Amino acid sequence: MCGIFAYKGHQTEAAKLVFDGLKKLEYRGYDSWGVAWKKDQNIQVHKQVGKISEASDEPLLDQGSSIAMSHSRWATHGGVTQENAHPHVSSDGKVTIIHNGIIENYQELKSELGPHNFTSDTDTEVIAELISKHCKEMDFESAVKKSTEELEGRYAFIVMHQDDDKLIAARRGSPLILGVGDGEFFLASDIPAFLQYTQQVNYLDDDQLVVIDTEARFYDLLSDSEIEKRTITIDWTEEEAQKGDYDHFMLKEIMDQKDTVMRAINQNEEEIVKIAEYIKNSSGVFLSGCGTAGKVCMAGKYFFSVISEKHVSFAPSSEFPIYHHFLTPESLLIVISQSGETADVLEAMNVAKEKGAKVLSLVNVQGSSIARQSDFSLLINAGPEKAVASTKAATSQLSLLLLIAYAVAGKLDEGKKLLIETAAMINDMLNPRYLEFIKEVADEIDHAENAYIIGKAANYPMALEAAIKIQEVSYIHAEGFAAGELKHGPIALITEGTPCISLIAEDEVKQDIINNTIELKSRGAHIIGVSAFRHESYDHWIRVPDAGVASPIVNLIPIQLLAYYLSTHRGLNPDMPRNLAKSVTVK
Ligand code: M6R
């Protein structure tokens, strides 16, 4: 959840370099930030509360350093204070560390370390102290390795020592990637931090450690042996990871959907057919993901049911382990994750693997933990998604799932044709007039305290997803419901003028949801209808093309725009919703 970025190499302004790179990871956490750099065997630290994007680089200029580390924090242990911001330094001033994750036994370690002048409430400071303690009996590298044996929980940390020029990093459960340049190394929790310098990367796996000196050496911590790592070339570009002329990444990523659906379905057909066969022959297929990806999974359940008549179960990844009784070696778990690093998803995968089940993942980040730990993995190819609110990843995930459902039905070509048409529809939708119209609708409801969204069939999960989008970026209390459930309770919430959004497709349940919309209207709701047709119950009609069974994909487009404009109209920054981080690597 926090962002970490470190550098060691020939460049001489490392403090400024890591500060600039860290800004590109701010979506991972934005409570506070800090930088440490080493010069003439002296480590200096600068840290402060607030967003790095709003901070000046003044204290980091002209430091003449070639080794530095930086951290942007998403608070877990300890409040948002300068003391709790990373980097943390051991009490003897020798060991400086940045960390992403949670050390579960930090209280025990703290007591074992005895009385110390701990200056923060964090679990991280304890790691620095532990390493420093071991350094009194052994060299720095051995001390770091020994310390990892005593840590329980999840971590990706990077550490440096005042009297040793190595940079050492270790991983268990939180992402850590080494970027390899020409005579220089970058360590980060996400690729965009160093994409401008190199596309060559090594992913660290759990219980691995890397020592960076003039070259990088990798170790397996469990066997304490040196290992070889495969270097991967990333196909993202620095330009894709920038927001260009857009005010926010969220808007840029919504607009990227002009071509991301096409990129999602541009898959190796033989592989899709092979995966479809596997799904067909599995007994017990489960879909799982978190947040937006979870809502996509719910829609996937519907796709498999109506297109391929295949029963698929769904559980959010945080709930999935409860259903372990139903997993067998014949089961297949399909997980969906933009980042490929979500802790709850990794946990669900572990539970499935323990039962001998196979795992198929749909991810956006090449080489991510989820991709590497799966039996089969497909990339959704949406390019970097940096806004906390997931937009283009969601429509790409939906598209690829739909394509797979068609392949399971033996109708891959039909699915491809539908999705190509859908991609063209989205391209047409995202024009300046459409954006202007959605802005006007947002104007009408941006004062609202509550908003409700209804959908049916595959648009029911989209109603849930619409609620997430509106909640996380505008802070309006939004809830999604299955349209038919209104009369069983939620309709009591409707008062005069309550904004209600109906997501309607041209399908067999159309009339039912129109009836539900009329029921809302009769109770005074302000109706925003998202559909291919106009209806008299609507106060606003947001027109979407008729995309048939792909309607969840096109229906999400105006919803994402509406959430975006609700956020900006309320003076908020949609890229950095409060309390949230882009990639949730804690359980
Ligand atoms: O990286 P993932 O797709 O695994 O992330 C899952 C959720 O954390 C994510 O979709 C979250 O709900 C977004 N903020 C929603 O916009």
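The values are calculated or read from the model by the stated rules, or taken from the named source; none is laboratory data. All figures in this text were calculated on a predicted structure; none of them were measured in a lab. A quick note on method: Cβ atoms are made from the backbone with ideal geometry, for glycine too, and the neighbour counts reach across all protein chains shown. Calculation scope for accessible area: heavy atoms of the full protein, side chains included, ligands and nucleic acids excluded. Shrake-Rupley method; radii C 1.70, N 1.55, O 1.52, S 1.80 Å.
Each residue in segment 274-327 was checked for being surrounded by fewer than 17 Cβ atoms within 10 Å (Cβ to Cβ) and under 20 Å from Val549 (Cβ atoms), and 5 of them qualify. List pairs: first in segment 312-323 and part of a helix (DSSP H, G or I), second open to solvent by 40 Å² or more (accessible area, probe 1.4 Å), Cβ under 7 Å, 6+ apart or cross-chain? Within 7 Å, the pairs are Pro321/Glu347.
The residue that is surrounded by the fewest Cβ atoms within 10 Å (Cβ to Cβ), among those in segment 368-399 that are more than 13 Å from the ligand (Cβ to nearest atom) and part of a helix (DSSP H, G or I), is Arg372. Considering every residue within segment 253-265, establish whether at least one is in a helix (DSSP H, G or I), farther than 24 Å from Leu412 by Cα, of a type in the set (A, V, I, L, M) and at pLDDT 95 or above. Scanning segment 253-265, I find at least one residue that is in a helix (DSSP H, G or I), farther than 24 Å from Leu412 by Cα, of a type in the set (A, V, I, L, M) and at pLDDT 95 or above, so the answer is yes. If the condition is being acidic (Asp, Glu) and under 16 Å from Ile227 (Cα atoms), then segment 171-209 contributes Asp205, Asp206, Asp207.
If I ask for residues that are touching a residue at least 60 places away in the same chain (Cβ under 8 Å), among the hydroxyl-bearing types (Ser, Thr, Tyr) and more than 16 Å from the ligand (Cβ to nearest atom), which ones from segment 265-306 would you list? Correct list: Tyr278, Ser282, Tyr302. Of everything listed in (1) of a type outside the set (Gly, Ala, Ser); (2) touching a helix residue (DSSP H, G or I) at 6+ places or on another chain (Cβ under 7 Å); (3) closer than 23 Å to Leu493 by Cα, the single unmet condition for Val549 is (3). The set of residues from segment 232-265 being loosely packed, with under 13 Cβ neighbours inside 10 Å and within 21 Å of Gln199 (Cβ to Cβ) comprises Thr233, Asp235, Glu239, Gly244.
Return the residues of segment 65-115 that are without any contact (Cβ under 8 Å) to a residue 60 or more places away in the chain and polar (S, T, N, Q); say none if nothing qualifies. So that I can check it myself, show each step before the final result.
Pass one, segment 65-115, residues without any contact (Cβ under 8 Å) to a residue 60 or more places away in the chain: 65-66, 75, 77-85, 87-92, 103-115.
Scanning segment 65-115 gives Ser65, Ser66, Thr81, Gln82, Asn84, Ser90, Ser91, Asn105, Gln107, Ser111.
The one condition from (1) under 26 Å from Ala467 (Cα atoms); (2) modelled with pLDDT under 95; (3) open to solvent by 30 Å² or more (accessible area, probe 1.4 Å) that Val365 does not meet is (3).
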